[in-house]
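Asker: I am attaching a structure below and will ask some questions about it afterwards.
The values are calculated or read from the model by the stated rules, or taken from the named source; none is laboratory data. Please read these numbers as outputs of a predicted model, since none were measured by experiment. Reconstructed Cβ throughout: ideal geometry from the backbone, glycine too, with neighbour counts over all protein chains shown. With ligands, DNA and RNA removed, areas are computed over all heavy atoms of the protein, side chains included. Shrake-Rupley method; radii C 1.70, N 1.55, O 1.52, S 1.80 Å.
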Amino acid sequence: MKRVAIVGGGVAGVTAAYELAQQARKGVPLQGVLFEASTRLGGIIETVHEGEFVIECGPDAWVTEKPWARELAEELGLADEVMPSNDATRKTYVLIDKKLQAMPDGMRMMVPADLDALDQSELFSAEAKRAYREEPGRAEELRAAAPEGDESVAEFVQRHFGDEVLEKIGAPLLSGVFGGDVTKLSVQAVMAPFVTMEREHGSLIDALRTRSVAASKNSVFTTLRSGMGTLVDRMIAAIPEDWIRLSAEVQFTSCGEEGWLVGTARGVERFDALMMTAPVDVACSLLQPIDAEMAPLMEMDASSAVVVGFGFPDAAKFSIPTGFGFLVPPGSDSLLLAATFVDQKFEHRVPQGGRLMRAFFGGKAAERLMRCGNDETAAVARMELARVLGPLPEPQVTVVRRWPRSLPLYAVGHLERMKKLDSRVRAFKGLWLLGNGYRGVGVPDLVRDARAAAREIAGE
Ligand SMILES: Cc1cc2nc3c(=O)[nH]c(=O)nc-3n(C[C@H](O)[C@H](O)[C@H](O)COP(=O)(O)OP(=O)(O)OC[C@H]3O[C@@H](n4cnc5c(N)ncnc54)[C@H](O)[C@@H]3O)c2cc1C
């Protein structure tokens, strides 16, 4: 019987345990033990149900283009729950000079698929619009200027479209997903398809025009009707109960002739394989004694996130613009990083006639709010939303969540560092590094990698 330790019960760890359990059910002689430091599984995935409000405390959806979370949901019997975002009313705003300016239609991140839609937009100055219009004509120059190796997102976006596009949409779009600073963020790690487009076409606008329109017919985001937490709950239901250890913080790991040793306050156990899915900071300190060269490859900056959800019974009491929400560029005097108009982005999130807003803080504001109580954090969130949207009525439901160092920053050179890290990891039999510090932060990526690793352990 092969014994596998899984350290960390976020979506990566739960998926790994679920896939191992599936393999065991098929007759592979396997036993998993999932160690989770806290009292609940799911990590950053958490859905709170309050009355008919469905409030996501972490991820609220996955990117539709990536199939792995949907495949898992279908396999778990959740096909009827899979639900697209309301893309008929999709609009995202950017807070500029205290006003919400709509992003032009047809943008793919910061690249417009429709140059005519730009003309109607009040978001960009005439100079930025000119930079967009001129980009296709600079295809050869841009292709020639593309560096061999990695560079920052800031350098890449500036080269194509200039500073204004970077500041107004490039930075806010990316800093809510990957911790912080676009001047440090690796373009190869976080915008790989655009790097390929530059290599092939020079112009990103031209490259988008040649892509099939079929892909754009799908909604951009997909979620589950009862919330992302259901994905985790269904997997937990399929994992043998005696595999799961809650309040079981792993304090050390070691590796020797006899396999892997994993220690918690309750004792030490021996395993044949170790799936390390704890956050990268924790993984780094647990693996440091095993391989001093591995740890520096795992050191990375990360940003914290604070999320505040407000449920209101009566949407008629305050109006908001049509759309999914707004982004706040760095340097704005608002403390917010973004806000989501949840009941407009998704169906089935509020009672009839209700409204659900979500405020999202990152960077320095999140660090400061990390030290505040729930009431104070909620008051700040309400005030910051009101500064943008006008006075907010008293919420019926308020949910506050803090996610310390939850948004890892994939710095320039990340992919090279990951290659070196992979080769160090391969030197240790039965070691797997999974989770959001390595090969993607999105739920689909984490699901794909955790399942692939578990299948490899099972020898499929
Ligand atoms: C606010 C926010 C919004 C997001 N929105 C989206 C979105 O809409 N779509 C999307 O695809 N992605 C989104 N993401 C990213 C995605 O949610 C995360 O990357 C993902 O959930 C991380 O999963 P994980 O398993 O790697 O880590 P985590 O969820 O961090 O889980 C790690 C687990 O390890 C446990 N642990 C820590 N130390 C130990 C120890 N010593 N021993 C045992 N256990 C330990 C922790 O308690 C935790 O449960 C968002 C992230 C944040 C922060």
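Asker: Here is a list: 422, 449. Which entry is in a helix (DSSP H, G or I) and within 16 Å of the ligand (Cβ to nearest atom)?
Answerer: Unique residue meeting the criteria: 449.
Asker: Only one of these conditions is not met by residue 439: (1) within 30 Å of residue 321 (Cα to Cα); (2) free of Cβ contacts under 8 Å to residues at least 60 places away in the same chain. Which number is it?
Answerer: (1)
Asker: How many of the residues making up region 286-321 are in contact with a helix residue (DSSP H, G or I) (Cβ under 8 Å, 6 or more places away or on another chain) and assigned to a helix (DSSP H, G or I)?
Answerer: Summing the residues that are in contact with a helix residue (DSSP H, G or I) (Cβ under 8 Å, 6 or more places away or on another chain) and assigned to a helix (DSSP H, G or I) in region 286-321 gives 6.
Asker: With the structure loaded, tell me whether residue 272 is among the charged types (D, E, K, R), open to solvent by less than 80 Å² (accessible area, probe 1.4 Å) and farther than 17 Å from residue 34 by Cα or whether it fails that test.
Answerer: no
Asker: I've got another one for you. Between a residue in region 46-69 that is under 21 Å from residue 354 (Cα atoms) and any residue that is basic (Lys, Arg) and not in a helix (DSSP H, G or I), which pairs come within a Cβ distance under 6 Å, given they are 6 or more apart or on different chains?
Answerer: The qualifying pairs are 54/349; 57/401.
Asker: Just checking, which of 125, 175 is of a type in the set (Ser, Thr, Tyr) and either assigned by TED's automatic domain parsing to the domain that holds residue 383 or exposed (fewer than 14 other Cβ atoms within 10 Å of the Cβ) (or both)?
Answerer: On the way: 175 fails: either assigned by TED's automatic domain parsing to the domain that holds residue 383 or exposed (fewer than 14 other Cβ atoms within 10 Å of the Cβ) (or both).
The match here is 125.
Asker: Which of (1) of a type outside the set (A, V, I, L, M); (2) buried (at least 20 other Cβ atoms within 10 Å of the Cβ); (3) in a loop (DSSP other than H, G, I, E, B) is the odd one out, the single condition residue 377 does not satisfy?
Answerer: So the condition that residue 377 fails would be (3).
Asker: Looking at this structure, is residue 407 touching an Asp or Glu at 6+ places or on another chain (Cβ under 7 Å) and within 16 Å of the ligand (Cβ to nearest atom)? Steps first, answer last, please.
Answerer: On the way: touching an Asp or Glu at 6+ places or on another chain (Cβ under 7 Å): no; within 16 Å of the ligand (Cβ to nearest atom): yes.
Against the criterion (touching an Asp or Glu at 6+ places or on another chain (Cβ under 7 Å) and within 16 Å of the ligand (Cβ to nearest atom)), residue 407 does not qualify.
Asker: I need the full set of residues from region 431-445 which are near the ligand (Cβ under 9 Å from one of its atoms) and either in contact with a Lys or Arg (Cβ under 8 Å, 6 or more places away or on another chain) or under 23 Å from residue 26 (Cα atoms) (or both), in order please.
Answerer: Within region 431-445, 442, 444, 445 qualify.
Asker: Identify the residue in region 239-263 that is part of a loop (DSSP other than H, G, I, E, B) and modelled with pLDDT under 95 and, among all such residues, is nearest to the ligand (Cβ to nearest atom). Spell out how you get there, then give the answer.
Answerer: To start, the set of residues in region 239-263 that are part of a loop (DSSP other than H, G, I, E, B) comprises 239-240, 246-251, 257-258.
Keeping just the survivors that are modelled with pLDDT under 95 gives 257-258.
Values: 257: 24, 258: 21 Å.
Checking each candidate, the answer is 258.
Asker: Let me ask something additional. Take region 21-50 and flag every residue that is within 9 Å of the ligand (Cβ to nearest atom), open to solvent by 20 Å² or more (accessible area, probe 1.4 Å) and hydrophobic (A, V, I, L, M, F, W, C).
Answerer: The answer is 37, 41, 44.
Asker: Now, a different point. Filter region 150-178 down to the residues that are touching a residue at least 40 places away in the same chain (Cβ under 8 Å), more than 16 Å from the ligand (Cβ to nearest atom) and not in a helix (DSSP H, G or I) and list them by number.
Answerer: 150, 151, 152
Asker: While we're here: If you go through region 114-135 one residue at a time, do you hit one that is out of contact with any Phe, Trp or Tyr (no Cβ under 9 Å at 6 or more places or on another chain) and in contact (Cβ under 8 Å) with a residue 40 or more places away in the chain?
Answerer: Within region 114-135, none of the residues are out of contact with any Phe, Trp or Tyr (no Cβ under 9 Å at 6 or more places or on another chain) and in contact (Cβ under 8 Å) with a residue 40 or more places away in the chain.
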